[in-house]
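Below is one structure, written out as C-alpha cells; the observations come after it.
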Amino acid sequence: MSAENTISGGVPYFTLNNGLKMPTVGLGCVSSLFRGLYAPLTSFDTQMLDGRHRKSEGGWRNVQGRPQGKFRSSFVAPGYGNEEEVGKAIRESGVPRNEIFLTTKLWNANHHRVRDAFEASLAALNCGYIDLYLMHFPQAEVDGRVLDATEYPTVIDTWKQMEKLLETGKVKSIGVSNLSIKHLETLLPHCKVIPVTNQVQLHPCLPDAALKEYCEAKGILLTAYSPFDDMQDCS
C-alpha cells in the first residue's frame, strides 16, 4: 500500500479499508517498564533523561511536547499503564482532537469483557472518542492463564464483540495486533467487519514478506511497531 497526500502536521497517510485516513508515522507509548530504552521514534515515555521508567512524570512530560510537532498519531494500551497520561497530554497540547489519530488496545485479560474494557480505556483517555481499537493479542487470558485457541473467548468471539463497539459511535475503526497468517485465516471467514490493520513487530532485521502480502490481499494494512528496535544484532 502506498502512502498518499499529507494530512495535518505534514505527515503522509494511508487510507484504511473503511475509507478513514491514518498517518503513516505514529509515536508509540509503550512503557520502558518492559525493556528499558526503546528507539527514539518508537516510544513517548522511554526518552527519560535518566533512562528509568517514570510513567506519570517522564511519560507525561515527553508526550506533552510531541503533538506540537509532526506527529499526529499515538499508540497506547491499558497494559502499558499510560492511557491517562497520554490523554492528558493530548487535551492540553492545543492540537485539535480531529488532527490526532489515537489508538489503544484490548488487553489479553479483557477478552471476556470487551465493552467494559473499551469504556474503561475511553474514560482513562478522556479524549471523546478513539480512532482505532486493536485486539492486542489473539490469545485470551483468564486468572493469569493463557487460554487454548479453542477455549472461550476465542479470537472469533472477541472480534465479534469488538465489531459491536462500532455501533457506539465512540470508536471509528477496529483492528488486530500480533496476528499471524494462521490466526487471520481462522478469524477472517467470521468477520462482518474486516480489521483495518494488523499491527506487528517489523523492522529491517525482522521482515515478514509473506504476512505483508497476505494482509494486502485481504485489504488489511500491516502496521509496524518497534520499527527501530532490536536492530543492534542485525548483521
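The values are calculated or read from the model by the stated rules, or taken from the named source; none is laboratory data. Everything numeric in this text was worked out from a predicted model, so none of it was measured. For neighbour counting, all protein chains shown are included, and Cβ atoms are generated from backbone atoms with ideal geometry for every residue, glycine included. Please note that ligands, DNA and RNA were not included when accessible areas were found on the heavy atoms of the full protein model with its side chains. Shrake-Rupley method; radii C 1.70, N 1.55, O 1.52, S 1.80 Å.
Does Leu134 satisfy the condition of being buried (at least 16 other Cβ atoms within 10 Å of the Cβ) and touching a residue at least 60 places away in the same chain (Cβ under 8 Å)?
yes
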Please determine, by comparing only the residues of region 118-131 that are open to solvent by less than 10 Å² (accessible area, probe 1.4 Å) and of a type in the set (A, V, I, L, M), which one is farthest from Asn198 (Cα to Cα). Leu125
Glu151 being modelled with pLDDT of 95 or more, exposed (fewer than 13 other Cβ atoms within 10 Å of the Cβ) and farther than 15 Å from Lys105 by Cα: no
Across region 154-175, which residue is surrounded by the fewest Cβ atoms within 10 Å (Cβ to Cβ) among those that are among the polar types (S, T, N, Q) and part of a helix (DSSP H, G or I)? Thr168
Residue set Gln199, Gln139; condition under 17 Å from the mean Cα position of the chain (by Cα), at negative phi, polar (S, T, N, Q) and open to solvent by 50 Å² or more (accessible area, probe 1.4 Å); output residue Gln139
